[in-house]
Amino acid sequence: MTDLPAGRRRAMLRTSLWLSLLALPAVAFFLVFSYAPMAGLVVAFKEFDISRGIFGSPWNGLDNFRYFFSSGDAQRILVNTLLLNVLFLAATLAAGVTLAIMLNELRGRYFKRVAQSTIFFPYFVSPVVIAIMLQVLLSGPAGSGGAVNDALSGFGLPTVSWYTEPGPWPWILTVVKVWQMGGYMSVIFLAAITSIPEDVYEAGQIDGASRAQMALRITLPLLKPTAAVLLVLGVGRIFYGDFGTIYAIIGDNGTLFPTTDVIDTYVFRSLRQIGDFGTTAAIGLFQSVVGFVLVATALLIQRRYSKETSLL
Amino acid sequence: MTTALTSSLAKTTARTATRRRRRPEAFTVVSVIGVTCFMLICLVPFWMIVSGSFTDEQTLATSGYSLIPRPFSTTSYELIFTGPTVLSAYTASIFITVVGTAMALAFTSGLSWVIARRLPYVSRPLAVFAYIPMLFTGGLVPLYLLVTQYLKLQNSYFAVILPLLVAPFLVFIQVSAFRQLPEEILDSARVDGAGEMQIFFRIGLPLSKPILAVIGLFYAVHYWNEWFTALLFMSDVHKYPLPLLLQNLISNVSFSQMLPTAAEQSTPVYQLRLALTVVTIGPILLAYPFAQRYFVKGITLGATKG
């Protein structure tokens, strides 16, 4: 660095540029893998021909969109995507709050830590592994049976052939989601609980509140801001299906599509099996645009709601 | 793991019982029971898989899965570790995880440092630049065309590594961690004549080891579990990473051609599937007790600081 006062600004600018080299690899990454694909979305308006490339293919206006919305699949996958995400969001938030409040009641420090680590672990389990676990629970090696059915017949109840029954799957997937995300959510809520000042509880104790009353009347209302942030962000992402988990579990099992097929799995299948790039890109663009509007709205609402926890 | 857990559980509940004997509030008891139940729900599926992987295929078919493997059989593990497919999948997964995490950590740290330093004309635009991909993505088709048609990375491990290299969310966690470094330390280094690059490598990074551990662990778990990009871009069975191999086992029951050793005999497909699952989650399970506190720190930081 130079010490000349007149050259100070220039020196600072030079330092800035020199230091910016550190960001160069990441910038290159974003340009190639995030921004270039955005430009590639023009495929949605083209009759894609692989030999002529993205930019050489002829335009076909809105044909791709028209094809998708008139195919009859559109309504089903949009409804499924919204419905499943609402279920997931409500269930994981409820489970997270409940678990956090319960964890907060635990006094033994070691038990608390072990409990927290244990319920947090499913978050790190690959969707493929979850799919295998579900198979163990819902269908045995012979294609029928499984632990759940064994339990059902133990109680004298009729068994269910789960993998051919589309009806219960939204609920099964919700249970899976709670199993997977419950611990993660509870850690976030527990962090919020620890930041509640101690004197609020002391005041409650002096007034003779029981622990249950303190949890319901003090902790729960004070968790509202955190829940609101997570809710708003979740609503913002409501248009994106959880591809990994759903595809790993359902795969190409067509009998379950009526209740489990979401935008992401549909897009993936039409790309892999049909190779229809134009229509698939059109669905992707539709999803990105609606998703963007939702996320942006959600962020604006959230920014207004609580400045200090703003994500931007 | 479960025995250690239950014994410690018994110990701590005993200790809390003696301490709070005067007022055993109903709500606390309910909470202990509730948390314990959820812990069991989290653990039982793992145990069923471990137990099933040691159960003879014949028994699995006739009497289903059970909690205790009887008769005890290690056939599936012998098959796994003698056949080349699983070993090559392990190599693939390790390569993807190690190289991917190292690259991701380097890229993310560099970018985060520049944003965290609040340089005029540079930091803010860069932050926005990294933020936009969180809001809007090109989707699957352009990415697919990019990797297969333009970069020609089919069947390369880098097809799995590159598309996930920098996660904007982790960039922002790291930026807020870097900003917590006391400015005085950096200033004193400057007084001692250190250049800006030197400050990053000799002071910024070493002082940020805990957050580097958090970010690195998130990337590592992500890469270890990654199968979606592999499913898209890998067609050569010998280059499959573990999760994709496992996924293939689910959808494709006639898996025997992948295991040359068991060609003539009937392969214990179900037992094998469970054993492969154990092999896949094994490393995470082993590393978890050591890494767990970092994860908790990481998401707490992400949740409160954004």
Worksheet entry | Some residue of the stretch A:146-158 being touching a residue at least 24 places away in the same chain (Cβ under 8 Å), assigned by TED's automatic domain parsing to the domain that holds A:Leu256 and surrounded by fewer than 23 Cβ atoms within 10 Å (Cβ to Cβ) | no
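Restricting to the stretch B:173-216, and then to whatever is among the polar types (S, T, N, Q) and part of a helix (DSSP H, G or I), can you tell me which residue is surrounded by the fewest Cβ atoms within 10 Å (Cβ to Cβ)?
Once the filter is applied, the top-ranked residue is B:Ser188.
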The residue from A:Leu285, A:Leu299, A:Leu294 that alone is in the same structural domain as A:Ile246 (by TED's automatic domain parsing), surrounded by fewer than 20 Cβ atoms within 10 Å (Cβ to Cβ) and touching a Leu at 6+ places or on another chain (Cβ under 8 Å) is A:Leu299
Residue pairs within 8 Å by beta carbon, gap of at least six or interchain, first lying in the stretch A:190-211 and under 21 Å from A:Ala227 (Cβ atoms) and without any contact (Cβ under 8 Å) to a residue 24 or more places away in the chain, second among the hydroxyl-bearing types (Ser, Thr, Tyr) and surrounded by 13 or more Cβ atoms within 10 Å (Cβ to Cβ), listed first then second, are A:Ala191/B:Thr300; A:Ala191/B:Thr304; A:Ser195/B:Thr304
The residue from A:Val86, A:Val128 that alone is facing chain B (nearest Cβ under 8 Å), of a type in the set (A, V, I, L, M, F, W, C) and under 21 Å from the mean Cα position of the chain (by Cα) is A:Val128
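Condition check ((1) of a type in the set (D, E, K, R); (2) at the interface with chain A (Cβ under 10 Å from one of its Cβ atoms); (3) closer than 30 Å to A:Asp264 by Cβ) across all residues:
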| residue | (1), (2), (3) |
| --- | --- |
| B:Val175 | no, no, yes |
| B:Phe178 | no, no, no |
| B:Pro182 | no, no, no |
| B:Ile185 | no, no, no |
| B:Gln198 | no, no, no |
| B:Ile211 | no, no, no |
| B:Trp227 | no, yes, yes |
The residue that is farthest from the other protein chains (Cβ to nearest Cβ), considering only those in the stretch A:237-282 that are surrounded by fewer than 22 Cβ atoms within 10 Å (Cβ to Cβ) and aromatic (Phe, Trp, Tyr), is A:Phe257
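A:Leu87: at pLDDT 80 or above and in contact with an Asp or Glu (Cβ under 7 Å, 6 or more places away or on another chain), yes or no? Don't jump to the end; show me each part of the working.
Details: at pLDDT 80 or above: yes; in contact with an Asp or Glu (Cβ under 7 Å, 6 or more places away or on another chain): no.
In short, no.
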Notebook entry, point to check: Condition test on B:Leu170, is it surrounded by fewer than 17 Cβ atoms within 10 Å (Cβ to Cβ), of a type in the set (A, V, I, L, M) and more than 8 Å from chain A (Cβ to nearest Cβ)?
Noted result: no
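Please note which helices (runs of 4 or more DSSP H) are completely contained in the stretch A:17-84 and include at least 1 residues that are surrounded by 17 or more Cβ atoms within 10 Å (Cβ to Cβ) and of a type in the set (A, V, I, L, M).
A:24-30, A:36-40, A:53-56
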Apart from one, (1) at the interface with another protein chain (Cβ under 7 Å from one of its Cβ atoms); (2) assigned to a helix (DSSP H, G or I) all hold for A:Ala95; the odd one out is (1)
Cβ pairs under 7 Å, 6+ apart or interchain, first in the stretch B:103-127 and under 14 Å from A:Val27 (Cβ atoms), second of a type in the set (Phe, Trp, Tyr), ordered by first then second residue, are B:Phe107/A:Phe29; B:Ser112/B:Phe178; B:Trp113/B:Phe178; B:Trp113/B:Phe200
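Give me the residue from the stretch B:120-172 that is assigned to a loop (DSSP other than H, G, I, E, B) and polar (S, T, N, Q) and, out of that set, farthest from A:Asn64 (Cα to Cα).
Among those residues, the one meeting the criterion is B:Ser156.
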Checklist entry - Within the stretch A:151-163, can one find any residue that is in contact with a Gly (Cβ under 7 Å, 6 or more places away or on another chain) and in a helix (DSSP H, G or I)? => result no
The one condition A:Arg76 fails out of (1) at the interface with chain B (Cβ under 7 Å from one of its Cβ atoms); (2) out of contact with any Gly (no Cβ under 9 Å at 6 or more places or on another chain) is (1)
So, first residue within 7 Å of another protein chain (Cβ to nearest Cβ) in the stretch B:130-149, second residue acidic (Asp, Glu) and part of a loop (DSSP other than H, G, I, E, B), Cβ within less than 8 Å, six or more apart or across chains; the pairs are none
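The values are calculated or read from the model by the stated rules, or taken from the named source; none is laboratory data. All values reported here derive from a predicted model rather than from experimental measurement. Every residue, glycine among them, receives a Cβ derived from its backbone with ideal geometry; neighbour counts consider all protein chains shown.
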